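Novice: Dropping a structure here in structure tokens format, bear with me for questions.
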Amino acid sequence: MNWERILHIVRKEVRQSFREPRLRASMFVPPVLQFLIFGFVVNLDVEHSRLAWLDYDNTPSSRELRAAFEGSKYFTVTATPSNQAELQRLLDFDEVHSAVVVPPDFSRDLARGRPTSVQILVEGTNSNTASILGNYAADIIRGYSSGRMLEMMSRKRMARGGMLVKISAPGIDMEQRVWYNPELKSRNYFIPGVAVNIITIVTLMLTTLAIVREKEIGTMEQLMVSPIRPVELMLGKTLPFAVVGLFDLTLIITLGMVVFHIPFRGNVLLLFGAAVIFLFTTLGAGLFISTISRTQQQAIMSTFFFFQPAFMLSGFAFPIRNMPEPVQYLTLLNPVRYFIEICRGVFLKGSGVDVLWPQLLALAVFGVVILTWSARRFHKTLD
């Protein structure tokens, strides 16, 4: 293997890629666009949702409950309908996301120690948002109920000269702590996955297009009759885009930490080592697609045919544990899944090799198998 010939191919590929506007744009524009979209636009956090308040009781107790909702950062009372029909119209026209209906005997039942109820209505077209809002509202009502109960018990009248004596009420204090993402920001969860998707699509597509382009313009035959060996041609074609993939990964990590303050608690060398192993898979898949594509349009279609299932089954947006059990087993054949787990582990948990070695091993196996098989097919195609 002659490294001087490989270096010449690398230089030629770099010059040709930067000369063509479409390839040059695909190296840098998609990473930045995905980063901005998933950082600013795709946000599953629910704060200051619009709340309608229908109060049939209208007493200090019901107003105290309303103050508990208004004091939360999750709800903003934007409407106070006077009847059910008006409340229905607000929900139908999506003017509010949720509503609280206080019954007319709310305060009286509380004063007498009777059980009472408050109706929570949630607009459920988005099941994820509806579930989150329902849980937030239930937590506020539970907190209000516990406070009222303790207040009633502490001020229970006891027969001691007509004086009010405070007594302690037994209870259980709950302290909740969220590890790794204490602020529960969805962008902290998405940005590491964005880095994986970018390095996947960029290296996959650029490798495929670079080889298929040689077929389209008729220079592949010239390369085949030259002294360049197939393995040298393969390395010369893939190494530049491996460097581009690592550059895009560095770009996303840097922007994520600087712009969105994404925590990075792990070892950067471990992350880049895993990225190099993962590149075996994407570059190998790009080589394979180039052997079955004759035009760049075919190559683009084949790339998305490979990428979309890998993206959907990677756990990037949809937790794998929520998928049907047969699909969960299918995700074990998806290399993108393992790299996303590594990135999130390194970013948010600070995990090391002792924790991530199963994912690293799976990536290595997939990378060696896919790259070896694709290289042999590529060699056979040239022959």
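The values are calculated or read from the model by the stated rules, or taken from the named source; none is laboratory data. Predicted, not measured: the structure shown is a model, and the values here were computed from it. Note that we place each Cβ from the backbone using ideal geometry, even for glycine, and neighbour counts take in every protein chain shown.
Novice: Regarding region 23-42, can at least one residue be identified that is in a loop (DSSP other than H, G, I, E, B) and touching a residue at least 24 places away in the same chain (Cβ under 8 Å)?
Specialist: Yes, the conditions are met somewhere in region 23-42.
Novice: Quick one: count up the residues across region 112-147 that are in a helix (DSSP H, G or I), in contact (Cβ under 8 Å) with a residue 40 or more places away in the chain and under 18 Å from Pro60 (Cβ atoms).
Specialist: The qualifying residues number 4.
Novice: State which residue is farthest from Ile289 (Cα to Cα) when the search covers only region 364-380 and only residues that are at pLDDT below 90 and crowded, with 21+ Cβ neighbours inside 10 Å.
Specialist: Leu371
Novice: Just to check your reading of the model, which residue among Val202, Val196 is at pLDDT 85 or above and crowded, with 24+ Cβ neighbours inside 10 Å?
Specialist: Exactly one residue qualifies, and that residue is Val196.
Novice: Now, a different point. On the given criteria, is Asn322 in contact with a helix residue (DSSP H, G or I) (Cβ under 8 Å, 6 or more places away or on another chain), over 18 Å from Tyr180 (Cβ atoms) and assigned by TED's automatic domain parsing to the domain that holds Arg265?
Specialist: no
Novice: What do you reckon, is Ile120 surrounded by 16 or more Cβ atoms within 10 Å (Cβ to Cβ), assigned by TED's automatic domain parsing to the domain that holds Ala85 and within 15 Å of Thr76 (Cα to Cα)?
Specialist: So Ile120 fits the description; yes.
Every residue, every condition in (1) within 25 Å of Asn126 (Cα to Cα); (2) surrounded by fewer than 16 Cβ atoms within 10 Å (Cβ to Cβ); (3) not assigned by TED's automatic domain parsing to the domain that holds Phe18, yes or no:
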position	(1), (2), (3)
Pro30	no, no, no
Gln34	yes, no, no
Phe38	yes, no, no
Asp55	no, no, yes
Glu64	no, yes, yes
Ala67	no, yes, yes
Glu70	yes, yes, yes
Pro81	yes, no, yes
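Novice: With the requirement that a residue be closer than 20 Å to Ile141 by Cβ and part of a loop (DSSP other than H, G, I, E, B), what does region 82-111 give you?
Specialist: Val96, His97, Pro103, Pro104, Asp105
Novice: Just need a number here: residues in region 326-363 that are surrounded by fewer than 17 Cβ atoms within 10 Å (Cβ to Cβ) and in contact (Cβ under 8 Å) with a residue 60 or more places away in the chain.
Specialist: The total comes to 4.
Novice: Moving to a separate point now. So which helices (runs of 4 or more DSSP H) stay within region 319-383 end to end and still have 3 or more residues that are within 18 Å of Gly286 (Cβ to Cβ) and among the aromatic types (Phe, Trp, Tyr)?
Specialist: Counting at least 3 such residues, we get 353-382.
Novice: Next question, about the same structure. Within region 263-316, count every residue that is assigned to a loop (DSSP other than H, G, I, E, B) and loosely packed, with under 14 Cβ neighbours inside 10 Å.
Specialist: Number of matching residues: 3.
Novice: Is it the case that Phe247 is over 18 Å from Leu363 (Cα atoms), touching a Phe, Trp or Tyr at 6+ places or on another chain (Cβ under 6 Å) and assigned by TED's automatic domain parsing to the domain that holds Leu371?
Specialist: Against the criterion (over 18 Å from Leu363 (Cα atoms), touching a Phe, Trp or Tyr at 6+ places or on another chain (Cβ under 6 Å) and assigned by TED's automatic domain parsing to the domain that holds Leu371), Phe247 does not qualify.
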